[in-house]
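S.K.: Sharing a structure here in structure tokens format.
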Amino acid sequence: MKFNYVKIAIRNLLKYRFVSFINLFGLTVGLTCCLLIATYVLHETSYDRYNDHADRIYRVTRSFNDPETGVQSLHLGTVAPPFAPLLQHDFAEIEKYTRLLPVGNIAVRYNDKMFYESNTYFADEYLFDFFKVQVVRGDPTTALREPNTIMLTEEVAKKYFGQEDPLDKIIRADNRLSLKVTGVYKPFPANAHLHPSLMISFNTLRDSAIYGEENLRTNWGNNAFLTYLMLPAQYDVQKLKAGFPDFLDKHMGNAGMESYKLSQWTQLHLQRLTDIHLHSHLDSEAEENGDIRRVYIFSAIALFILLIACINYMNLSTARSALRAKEIGIRKVVGARRKEIIVQFLCESVLLCWLATLLAFVLTWQLLPSLNKLSGQQLHIPILLQSKVLIPLLIVPFVVGLLSGLYPALFMSSFKPAKVLKGLFKAGGSNLSFRKVLVTAQFAISIILIVCTAIVFRQMKYMQEKSLGFDRDHIVTLPYFTALDNQFEAFRSHLLSGALVKNATRSSRIPTGRLLDAMESSMANGDTMMPITATIKFLSADYEFINTYGVKMVAGRNFSKEFGTDSASYIINEAAVSLLGFKSPQEAVGKSFSYGGKDGRLIGVFNDFHFESMHQRIVPLLIRIPPAGTAYNNISVKISGQNIQAALAHLEKTWKQFLPEVPCQYTFLDENFNRLYQSEQRQGALFTVFAGIAIFIACLGLFGLSAFTISQRVKEIGIRKVLGASVNNIVVLLSSDFLKLVAIAALIAFPVAWYAMSNWLQDFAYRTNIAWWIFPLAGIIAAIVALVTICFQAIKAAVANPVKSLRNE
Amino acid sequence: MIKITDLEKIYRTEEVETVALNKLSLEVKEGEFVAVMGPSGCGKSTLLNILGLLDDPDGGSFLFNNIEVAHFNERKRAELRKHNIGFVFQSFNLIDELTVFENVELPLIYTGVKSAERKRRVEEVLDKMQIMHRRNHYPQQLSGGQQQRVAVARAVVNRPKLILADEPTGNLDSSNGNEVMQLLTDLNEQGTTIVMVTHSEHDARYSHRIIRMLDGQTVLENIMV
């Protein structure tokens, strides 16, 4: 019996080659999209799960909020160094902890080889108990124990040592530290939330010249340490969290706050290791994380595409049901029960789905490199070949086969043999209405995807074109080195001596980065200084920051060396003016102001500019000239756009002259700026590709369906032509039925797309409006695509000789 | 074997109600060969469909081997049909995608006969119908007469007690028609009950009894001698 089903299925697929091809092609493309998206989703959801104790590891994070309003002002993925040992001391359930301190860019030198290394961390020896790292040289239990030791990835080791054995070699870091190589390891997997390329032993930090034991024990203000705890299996983490407020109050005192408990101002939180990549978007993260919403969005797109492909199958199978009515009738007459007919049709759809799945696997394998290029991911086909994924995947053809085959099977198995064998069966009625519903659903999905794509692109354009409030063009940024502290003016003068360099400045942070630094502030109110409870972020910068970045002063003046008192002066942005309750920027100028305990005066107000990405709202910001000895982190150089190569050559020459030990590694600010929106740009590109595919599959179905519908109406077309209908009349007649469906689809799609994209735009502090014209435009695009698809068939039918069609009938 | 009493079948559309069978009563004994004749629209085919359990009546009683089957559900009807009834149609109704062998094999598949037994029985019946040499051909490769012989082979392969034939020679020339009628007569002589709807007086004369219908009722019975 089963063999008979398969046999007849194969013969039917071959007999109706055109429809089978459309079905197979549609399902293959749909399943390929699903497999590609499944690879992405599986990769995203696999982050950090490869670690042996992934479900027992938690990251400690810290938030700060206004004790009065409870509004959170900062939530960091990193905490101060004293927390980890104290937490373990106070909470017996914490089995162990590990800490990492990201270093940022450091210059590493071995003999004559010198490179900047951006993924460098201080890490303790317990790291290997938490993270599964494959150590290829050295002993993981001791490699990070001694101070002044370092472990490198194979790639980094090869870069410095080539074929030499790296073990016990000494390298120099930032020209300050001599570090002995004690181990080499394979890079952290792509699905880890951090990827240290170099790990310096944590004990190196204990040297007071580097960081100091005392700092590690008592510095609550340096919340820069990634801290992970190991808890017992199945442990209820809420119990631990419940003890955190008392823990904070006990160890940190009231930190100068008299009317509030410290735990009302700052809190500790725990994040499951496996939640970090998709669920954590804190103000400081080891690396840029993914987003669970993106996973949901692409999963939904995958389902949409598969649904469209399934709808094609249902449509075309029921449309050609008339052709198979006789076969069903005969089968029933010779004894087939309805169940057996249903099973037979399901066999056909499952067989087709199996074929489509096999082809989809091959296509996925071929297309994955292109998807990686487009999405910036590192997806690999083996993720689909693990048994826990492969087994459900092998069920997919059955599910899709059942999903797409069930309706045609139920519909066709209900045929009355007495009728169909007498030729009384006509495809139509409720079956036709259902097919219309399916076509409408396909187009509704396509229109939703068109609208979404258009809005994603508009938002991208908006972000790229919106005025930032400063001039980002031709600004080159470099890391700052303390070696420049005493010679920066000479360095700057040398730079400016070349006509191609317009200005240069130092600052603690640069635009496109985050504004995370804040201190307490107070403002004169009569004779007393009143504390400001809300947060004003600060930036340490020199006199030329405002000029280099072309930021406009709207009141008062910029810092100037002509005023000897400017080291105790502050300039603020318009957002800070509003926060402080001034009616105008002018009103703020000249007011006494204390920041970080240092009394001074507000001397000017600059315009609000987008220091951070458009995802962030412009925050109240204060710029100060930092006290001597406070490290700057960045140099920004404004060069002329006339001859960039020459300007860069001059910059490099100057750099070498002043910092011969350090490689000159610059980046363009607008490149950083583009990187801020890279994930949205990639999302936009993927959206376009998948929306295109969805529309293509929908059209494929429409093409097949219109071909069939028109072939059913050949006699009618012949009669109409004999009675005087023109080709145009016929095309309009045949197309209008489908266009009505597209119109209904548009009405369904518009509110859904509007709702979805309104939610998506909420993520952006600065966003485009959802222009009304996008909706009719999407509808028109869908209608044109549908019309072109149908017209091909309609014109063919309309120009056919009516005599022939009538004779055939 | 068959006893129907006051059988009714009415086709309704939104505006029109057509009475196809109007309190029709009829009895067919085991081993009989009955021909049903009458003008188009008199209800012959409706009667045949109900006798074949392809359609259900709206009223009256239908005893098949003394079992009331008038209100059997689809599953029970299919079960009864596949073990007891064979069909022969005017337009042959072979499945185009299946070969001669596979078409004849189909009823055996649905009754769950094992593969080896199926092969034996199909070959036996194809041999008997003198169509064995065409076993691997598809229906469209055969002449009308050959197709109808395949249809008869398919109808009898399950050894049904009753064969219902709906104008079995309607699409055949007289020579092929005679061959088919001879096949049916042979089957009847071997004990199979046959009810045949026909327009042909010539074919009707092969039967034992001719029932003439008009407007959904029997109006005359001719006993053939």
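S.K.: Please give the contour-minus-distance gain from residue A:646 to residue A:795: 0.36 nm per residue of separation, less the Cα-Cα distance, rounded to one decimal in nm.
M.R.: Going from the current span to full extension adds 47.3 nm.
S.K.: Can you pull out the trypsin sites (Lys or Arg not before Pro) in segment A:486-545 whose DSSP state is coil and whose Cβ has at most 16 other Cβ atoms within 10 Å?
M.R.: In loop regions of segment A:486-545 (DSSP not H, G, I, E or B), the sparsely surrounded trypsin sites (Lys or Arg not before Pro) are A:514.
S.K.: So for chain A, taking the charge dipole from beta-carbon charges (+1 Lys/Arg, -1 Asp/Glu), which of A:586, A:370, A:693 sits furthest toward the positive end?
M.R.: A:693
S.K.: Also: Within segment A:280-318, list the GluC sites (Glu not before Pro) lying in a DSSP loop whose Cβ has at most 13 other Cβ atoms in a 10 Å radius.
M.R.: Here the sparse-neighbourhood loop sites are A:287, A:288.
S.K.: Percent of alpha carbon pairs in the protein assembly as shown separated by more than 58 Å?
M.R.: 38 percent
S.K.: Something else about it: Might you work out the accessible area of residue A:795 for me, using a 1.4 Å probe with all protein chains in place, and round it to the nearest 10 Å²?
M.R.: 80 Å²
S.K.: Follow-up question, since we're still on this one. Take every residue in peptide B:108-121, count the Cβ atoms of other chains within 10 Å of its Cβ, and give the average of those counts.
M.R.: Mean shielding by partner chains, rounded to a whole number: 2.
S.K.: Could you compute how much accessible area chains B and A hide from each other, both sides summed, with a 1.4 Å probe? Nearest 100 Å² is fine.
M.R.: Adding both sides of the contact gives about 2500 Å².
S.K.: Which of the residue pairs A:186/A:537; A:326/B:76; A:436/A:796; A:7/B:3 have a Cα-Cα distance greater than 29 Å in the structure shown?
M.R.: Check vs 29 Å cut-off fails for A:186/A:537; A:7/B:3.
S.K.: What does the accessible area per residue of the protein assembly as shown come to in Å², with a 1.4 Å probe and no ligands, DNA or RNA counted?
M.R.: 43 Å²
S.K.: In addition: Kindly tabulate the residues in segment A:1-27 with an accessible-area decrease of at least 30 Å² between the chain alone and the assembly of all protein chains, using a probe of 1.4 Å.
M.R.: Residues losing area: A:1, A:4, A:7, A:8, A:11, A:15.
S.K.: Sticking with the crude label model, points 7 Å out along Cα→Cβ, report the distance from residue A:467 to residue A:358 in nm, one decimal please.
M.R.: 6.4 nm
S.K.: Ordering A:365, A:754 by accessible area with a probe of 1.4 Å, largest first, what comes out?
M.R.: From most exposed to least exposed: A:365, A:754.
S.K.: OK, next. Once a ≥ b ≥ c are taken as the square roots of the eigenvalues of the Cα gyration tensor of segment A:124-221, is the result rounded (a/c under 1.5), prolate (a/b larger than b/c) or oblate (a/b not larger than b/c)?
M.R.: Oblate.
S.K.: In addition: Which one of B:163, A:508, A:613 is farthest out on the positive end of the charge dipole of the protein assembly as shown, using unit charges on Cβ (Lys, Arg +1; Asp, Glu -1) and the Cα centre as origin?
M.R.: Comparing the listed Cα positions along the dipole, B:163 ranks first.
S.K.: Would you please report the Å³ per residue occupied by the convex hull of the alpha carbon atoms in segment A:257-396?
M.R.: Here the figure is 206 Å³ per residue.
S.K.: Which order do the peptides A:95-106, A:29-40 come out in when sorted by mean C-beta neighbours inside 10 angstrom, highest first?
M.R.: A:29-40, A:95-106
S.K.: Beyond 12 Å, how much of the Cα-Cα pair distribution for segment A:669-709 remains, as a whole percent?
M.R.: Roughly 68 percent, rounded to a whole number.
S.K.: Then there's this: What Rg and what Dmax come out for segment A:742-805 when only alpha-carbon atoms are used, in angstroms?
M.R.: Values for segment A:742-805 (Cα only, Rg and Dmax): 18.9, 67 Å.
S.K.: So what is log10(I(q)/I(0)) for segment A:25-163 at q = 0.16, 0.22 1/Å, when the Debye sum runs over its Cα atoms only?
M.R.: -1.09, -1.43
S.K.: Probe radius 1.4 Å, ligands and nucleic acids ignored: give me the carbon and sulfur share of the accessible area of chain A as a rounded percent.
M.R.: About 58 percent, which is the carbon plus sulfur part of the accessible surface.
S.K.: Related question: Heavy atoms only, probe 1.4 angstrom, no DNA, RNA or ligands counted: give me A:318, B:218, B:169 ranked by accessible area, highest first.
M.R.: Accessible-area ranking of A:318, B:218, B:169, largest first: B:218, B:169, A:318.
S.K.: Continuing with the same structure: Let me check something: with ligands and nucleic acids excluded, how do A:265, A:772 order by accessible area (1.4 Å probe), largest to smallest?
M.R.: Solvent-accessible surface, decreasing: A:772, A:265.
S.K.: I would also like to ask the following. Given 0.36 nm per residue, what is the gain on full extension from residue B:201 to residue B:140 after removing their alpha carbon distance, in nm?
M.R.: Gain on extension, residue B:201 to residue B:140, equals 19.0 nm.
S.K.: Work out how much length residue A:543 to residue A:141 would gain on full extension: take 0.36 nm times their residue separation and subtract the Cα-Cα distance, in nm to one decimal.
M.R.: 139.8 nm
S.K.: Putting +1 on Lys and Arg Cβ atoms and -1 on Asp and Glu Cβ atoms, find which of A:36, A:81, A:12 reaches farthest to the positive end of the dipole of segment A:1-84.
M.R.: A:12
S.K.: Checking the a/c ratio against 1.5 first, then a/b against b/c, what shape does the Cα gyration tensor give for segment A:155-206?
M.R.: Taking the square roots of the gyration eigenvalues as a ≥ b ≥ c, segment A:155-206 is oblate.
S.K.: Here's a follow-up. Could you name the lysines whose alpha carbon sits less than 25 Å from that of residue A:656, not counting residues in the same chain fewer than 8 places away?
M.R.: Result set, ordered by chain and number: A:113, A:159, A:502, A:638.
S.K.: Let me ask something else. Quick one: angle between helix A:727-761 and the longest Cα principal axis of chain A, in degrees between 0 and 90, rounded to 10, please.
M.R.: So the helix axis and the longest Cα principal axis differ by about 30 degrees.
S.K.: Next up: Could you give the size of the charge dipole of segment A:707-796 about its Cα centre, using +1 on the Cβ of each K and R and -1 on the Cβ of each D and E, expressed in debye and rounded to the nearest 20?
M.R.: 400 debye
S.K.: Residue by residue through segment A:355-368, what is 3J(HN,Hα) from phi via Karplus (6.51 cos²θ - 1.76 cosθ + 1.60, θ = phi - 60°)? Round to whole Hz and write x for glycine and proline.
M.R.: With the stated coefficients, segment A:355-368 comes to 4, 4, 5, 4, 5, 5, 4, 5, 4, 4, 4, 6, 8, 4 Hz.
S.K.: May I pose another question? Which value does Rg/Rh take for segment A:518-639 over its C-alpha atoms, Rh per Kirkwood?
M.R.: For segment A:518-639, the value is 0.94.
S.K.: So in the protein assembly as shown, what percent of DSSP beta bridges are antiparallel if you round to the nearest 5?
M.R.: Counting only bridges with both partners in the protein assembly as shown, antiparallel ones make up about 70 percent.
S.K.: Let me ask another. Whenever you get a sec, compute what percent of the accessible area on chain B sits on carbon and sulfur atoms (1.4 Å probe).
M.R.: Carbon and sulfur: 46 percent of the exposed surface of chain B.
S.K.: Using amide H atoms built 1.01 Å from N in the peptide plane, name the residues 5+ places from residue A:169, or on other chains, whose amide H lies under 5 Å from its own.
M.R.: Sorted by chain and number, the residues that satisfy this are A:181.
S.K.: Take the Cα pairs of segment A:120-161, get the Kirkwood Rh, then feed it into Stokes-Einstein at 25 °C and 0.890 mPa s and tell me D in µm²/s.
M.R.: Diffusion coefficient, whole number: 221 µm²/s.
S.K.: Then there's this: May I ask you to evaluate 6.51 cos²θ - 1.76 cosθ + 1.60, the Karplus curve with θ = phi - 60°, for each residue of segment A:380-393 and list the ³J(HN,Hα) values in order in whole Hz, giving x for glycine and proline?
M.R.: For segment A:380-393, the Karplus-derived couplings read 10, 4, x, 4, 7, 9, 6, 4, 5, 9, 5, 4, x, 5 Hz, x marking Gly and Pro.
S.K.: Taking every pair of alpha-carbon atoms in segment A:45-127, give the share separated by more than 14 Å as a whole percent.
M.R.: 77 percent
S.K.: Follow-up question, since we're still on this one. What figure, in Å² to the nearest 10, do you get for the accessible area of residue A:122 with a 1.4 Å probe and non-protein molecules left out?
M.R.: 20 Å²
S.K.: Return one number: the angle in degrees, 0 to 90 and rounded to the nearest 10, between the long axis of the Cα atoms of helix B:174-189 and the longest principal axis of the Cα atoms of chain B.
M.R.: With rounding to tens, the tilt is 80 degrees.
S.K.: Principal axis extents for chain B, Cα atoms only, whole Å, descending order, please.
M.R.: Largest to smallest, the principal-axis extents are 48, 38, 37 Å.
S.K.: Between the helical axis of A:430-465 and the dominant principal axis of chain A, each derived from Cα atoms, what acute angle in degrees is found, rounded to the nearest 10?
M.R.: 20 degrees
S.K.: Here's another thing I want to ask about it. Assigning unit charges at the beta carbon (Lys, Arg +1; Asp, Glu -1) and nothing else, what dipole magnitude in debye, to the nearest 20, does segment A:227-371 show about its Cα centre?
M.R.: With only Lys, Arg, Asp and Glu charged at Cβ, the dipole is about 1400 debye.
S.K.: Treating the beta-carbon of each Lys and Arg as +1 and of each Asp and Glu as -1, no other charges, what is the dipole magnitude of the protein assembly as shown about its Cα centre, to the nearest 20 debye?
M.R.: That gives a dipole near 3100 debye.
The values are calculated or read from the model by the stated rules, or taken from the named source; none is laboratory data. What you are looking at is a predicted structure, and each value in this text was computed from that prediction instead of being measured. Note that each Cβ is placed from the backbone with ideal geometry, even for glycine, and that neighbours are counted across all protein chains shown. The protein model used for the area step is the full one, side chains on, heavy atoms only, and it has no ligands, DNA or RNA in it. Shrake-Rupley method; radii C 1.70, N 1.55, O 1.52, S 1.80 Å.
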